[in-house]
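First up is the structure itself, then whatever we jot down about it.
Read-outs: derived from the displayed coordinates by stated rules, not from any lab. Since we're looking at a predicted model, the values are computed, not measured. Neighbour counts are summed over all protein chains in view; Cβ atoms, including those assigned to glycine, are modelled from backbone coordinates with ideal geometry.
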Amino acid sequence: MSNILTVDDSMSVRMAIRIALSGAGHQVVEAADGKEGLDKAVSSKFDMIITDLNMPKMNGLEMIREIRKLPQQAGTPIIFLTTESDEGMKQQAKAAGATGWLVKPFVAENLLKVTRKVLGQ
Amino acid sequence: MSGPDPVEAFRLEAGELLDATEQALLDLSQDLASRDLIDTVFRGLHTLKGSGAMFGFDALAAFTHHCETIFDSVRKGNVPASAELVAVTLSAMDHIRTLIDDPDGEDVDTASAALLARIQALSGGDSGTAAAPAPGAPAPHTDDSAHQHGWHVQFRLPPDALMNGTNPLILLDELRDMGATNLVVDFSHVPPLDALDPTQCHLGWTMDIPSTATREEIEDVFIFVIDDMELSIRATDATTDSPVQAQTPDTMEGQVPNAVQTATATQAEHLAEHPGAKATRPPQ
């Protein structure tokens, strides 16, 4: 079981992620924006972080950059949610320190596939 | 916290998003040059499309895709923002509400088609229907052979791969599951200990993979780093067996003593799990 932080301002997306990951035996912590996500990354160690990019208060890119400065999250896989048309955003997120991406819309199977890929489980 | 089901949460969020997008459209009608408002409308449509598709509102996603596409063209300056476009998009907002509340209702398809015809008439031929390539789409192939019976793979990850969350051991496991053999570690880029940055990935790998794996499957292992790494996948054929030359003087080929492989795996694991730790050169 892994401890996974999911950061998205959409409650429905957070719920969909939580249901899928919980069903696979993972523990899921939720945050509703980049600021809350960063606060949780400061206070807890996660095995993986899944984040949207377009969020209020602090966007996903800024949050990823800040998380990469945290020693306790060194090497933590960060997956961002994107769309196939967001090629430029994908490059920005990778430059910010993201590990990989998941294309929206996604189904639970794709989410779990990416999770297994970065966690090796 | 169990909460409501995600579909109901989506309906609630979609309603709020429609309200905000409609307001942006109304504001845009008073200021057609506003980049912020155009972006707001685009993002609203974009989110409605993506979330709708996630929660099974396929008709909503398909219809909204066209609305999003024309606003993407507006953002790029290919289609002008006009009062007519704002008006038809406001009508589309009403229709999207119907697609959320009663997606299987009578005349829904007819209404979608009529609105899409109006939207496409405004696109001026810049419908933007060409989709971007899928993330990680494989590069064109140039050296595949009908006679190949396997692959010789060489790769070196980006230096910051470990810090950015890529664990090489997991990639190696994936390759091993494809039947990788003759795994060789290339130490040639490992600097002297006093100059070594243990957070960087200094190792490279070579291996042979049987033809039961396709090139696409091998590339897919590296999907998140393939644009930033060194990767060579060469077909081996029956006549030459292995055409690959050593990439560097320190690259070892053929069978590797178990002690070296074990030590290398231990070092890689140590680096992957403790990127802040000091690494040592394994015995050779």
Discussion item. Taking amide H atoms as placed 1.01 Å from N in the peptide plane, list the residues 5 or more away in sequence, or in a different chain, whose amide H sits under 5 Å from that of A:V28.
Written reply: A:I4
Worksheet, complete the sentence: In order over the stretch A:8-18: 3J(HN,Hα) from phi, Karplus 6.51/-1.76/1.60, θ = phi - 60°, whole Hz, x for each Gly or Pro, gives 7, 7, 8, 4, 5, 5, 4, 5, 4, 5, 4
Worksheet item: For B:D186, which sequence-distant residues (separation of 5 or more, or a different chain) have an amide H within less than 5 Å of its own amide H, given hydrogens modelled in the peptide plane?
Response: B:G204, B:W205, B:T206
Practice prompt. Sum up the charges of everything whose Cβ sits under 10 Å from the Cβ of B:D228, counting Lys and Arg as +1 and Asp and Glu as -1, but leave B:D228 out.
Written response: -2
Worksheet item: Between the stretch B:77-114 and the stretch B:161-211, what is the C-alpha centre distance in whole Å?
Response: 52
Response to the item:
Scalar couplings 3J(HN,Hα) for the stretch B:201-209 by Karplus 6.51 cos²θ - 1.76 cosθ + 1.60 (θ = phi - 60°), nearest whole Hz, x for Gly and Pro, are 8, 9, 8, x, 9, 10, 6, 10, 10
Response to the item:
For A:T51, the residues 5 or more places away or on another chain with a placed amide H closer than 5 Å to its own amide H are A:V7, A:I79, A:F80, A:L81
Fill in: Proximal lysines relative to B:K76, as straight alpha-carbon distance under 27 Å, when same-chain residues fewer than 8 apart are discounted
A:K57, A:K90, A:K94, A:K104, B:K49
Response to the item:
Of the candidates A:T115, A:N59, A:S10, the farthest towards the positive dipole end of chain A (Lys/Arg Cβ +1, Asp/Glu Cβ -1, centred on the Cα centre) is A:T115
Worksheet item: Which net charge results for the neighbourhood of B:G15, defined as the other residues with beta-carbon distances under 10 angstrom from its beta-carbon, given Lys and Arg at +1 and Asp and Glu at -1?
Response: -2
Worksheet item: Put a dot 7 Å past each Cα toward the Cβ at A:Q92 and B:A62; how far apart are the dots in nm?
Response: 3.2
Worksheet, complete the sentence: Between A:E62 and B:V108, the FRET efficiency computed from the C-beta separation at R0 = 35 Å comes out, to the nearest 0.05, as 0.30
Worksheet item: Applying 1/(1 + (r/R0)^6) with R0 = 25 Å to the Cβ-Cβ distance of A:I19 and B:D101, what FRET efficiency is obtained, to the nearest 0.05?
Response: 0.60
Practice prompt. Find, among the trypsin sites (Lys or Arg not before Pro) in the stretch A:23-112, those assigned to loop by DSSP (not H, G, I, E, B) with at most 14 other beta-carbon atoms within 10 angstrom.
Written response: A:K45, A:K57, A:K69
Discussion item. On a straight-distance basis, which aspartates and glutamates could pair with A:K113 in a cross-link, Cα separation under 19 angstrom, same-chain partners fewer than 8 positions away excluded?
Written reply: A:D47, A:D52, A:E84, B:D173, B:E174, B:D177, B:E216, B:E217, B:E219, B:D220
Worksheet item: Which whole-Hz couplings ³J(HN,Hα) result when phi for each residue of the stretch B:10-27 is put into the Karplus expression 6.51 cos²θ - 1.76 cosθ + 1.60, θ = phi - 60°, listed in order with x for Gly and Pro?
Response: 5, 4, 4, 5, 5, x, 5, 5, 5, 4, 5, 5, 4, 5, 5, 5, 5, 5
Worksheet item: Can you list the GluC sites (Glu not before Pro) in the stretch A:19-121 that are in a DSSP coil and have 15 or fewer other beta carbons within 10 angstrom?
Response: A:E84
